[in-house]
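Okay, structure first, notes after.
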Amino acid sequence: MSKSIERISLGSMSPGTERFLLVHRYGAKGARPKAYVQASLHSDEIPGMLAAHHLIRQLDAADAKGEIKGEIIVVPVANPVGLGQIINGAHSGRYELRGGGNFNRQWPDLFDGLLDAVRSKLGPDVEANVKAVRAAIGAKINQMNPDTELARLKVELARLAHDADMVLDLHCDDEALMHVYMQPMHWKEFSDLAAELGARAGLLCVDSKAQSFDETFSLPWSKLQDAVGDKFPIPNACFGTTVEFRGQADVFDEMAVADAAGLYRFLQRHGAVAGNPGAAPALLCDGTDLEATDIVRAPKAGVIAYKVALGAEVKQGDIVAELVDPLAEDQSKARTAIRAVNDGLVLSRCLRKLVSPGDGISMIVGKTKLAHRKGGTLLSD
Ligand SMILES: [Zn+2]
């Protein structure tokens, strides 16, 4: 048995309160590959927590048989701060109510200062370079001096994840089909994750500009490659992914058991757990550039009446939804059509149907990059 459970305090924001992270650790510290899995950083996105519960059960059984080969860390509740944000019965888990913003944005830039920290240590040996970069990133995190609970949450999760070979951040969308985000250079090696989970979209981008959790750990490697890759061998040594476990209401054992089994087979295939998972099932999607996915937005306030189902294939100009003005005096003029600007798959819809101007109401996954998606932040806040 290699398992240990660690409890990490997040300090106290008010007298008499203290939250903590619970960490399930498997395998020998420093064993490779290292996989890091966390659930529900957006704390009102519950499907990942149930999948993590089932994954932990499977890993416990594997550990009892001595089948953990690498190091695996599972944090089933990545955000106890947000988990407690229940206001009059409504859970508000996406943004920190003290003003800290979106829990999955503005993570520390771990490339900042990295080049100076490792320049003298890089050489022709790729493994030695990976070691030096991981050590420098670890040292940077250790120097951080978090004061608030939120800052401490970020530092402690980063400390657990920063040197992993694989970082899996389990989220969900509003109403959505299963989908994954990752960097394009990882698709070939790691698209079996999308296959195992039956993902309907693999959304690829190097840098969404959102400073999301997964990119915090994968991006320093590609930035380092850009900076000195012509002089030294620098691999993309951290596969970071955000997995969107469908929609907020999709929390059922039947789904979570299958999802956890898919995650487990993925961990087997990549060497973290013993056993042969067999060939991955056929992919249900291609990897597509995130710039080819449009976020359809509401032009004004109103009530959304969808005209397309999840999984529908739409063409440019098709009506995705009608926006109803409930204050219209003439009901024949109450509806405004919202049309698709690209051809593609309807991946998501919003759960709450009362919308404000600019709200994203649907993601449509196309294959051709869209000019208006270039350059900006590619994720909705
Ligand atoms: Zn999320």
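The values are calculated or read from the model by the stated rules, or taken from the named source; none is laboratory data. This is a predicted model, so every value here is computed, not measured. Ideal geometry is used to build each Cβ from the backbone, glycine not excepted, and the neighbour counts take in all protein chains shown.
Worth pointing out:
- Only one entry in Asp259, Asp250 is within 16 Å of the ligand (Cβ to nearest atom), part of a loop (DSSP other than H, G, I, E, B) and either assigned by TED's automatic domain parsing to the domain that holds Asp60 or of a type outside the set (Asp, Glu) (or both), namely Asp250.
- Condition met for Lys3 (away from the ligand (no atom under 16 Å from the Cβ), surrounded by 17 or more Cβ atoms within 10 Å (Cβ to Cβ) and either more than 22 Å from the chain's Cα centre (by Cα) or among the acidic types (Asp, Glu) (or both)): no
- Strands (runs of 3 or more DSSP E) (entirely within the range 274-319) containing at least 2 residues that are without any contact (Cβ under 8 Å) to a residue 60 or more places away in the chain and closer than 20 Å to Glu175 by Cβ: 302-306
- Number of residues in the range 76-96 that are more than 15 Å from the ligand (Cβ to nearest atom) and either in contact with a Ser or Thr (Cβ under 6 Å, 6 or more places away or on another chain) or in a helix (DSSP H, G or I) (or both): the value is 1.
- Flag: Lys140 matches the condition of being away from the ligand (no atom under 16 Å from the Cβ), assigned by TED's automatic domain parsing to the domain that holds Val23 and either within 25 Å of Leu115 (Cα to Cα) or not in a strand (DSSP E or B) (or both).
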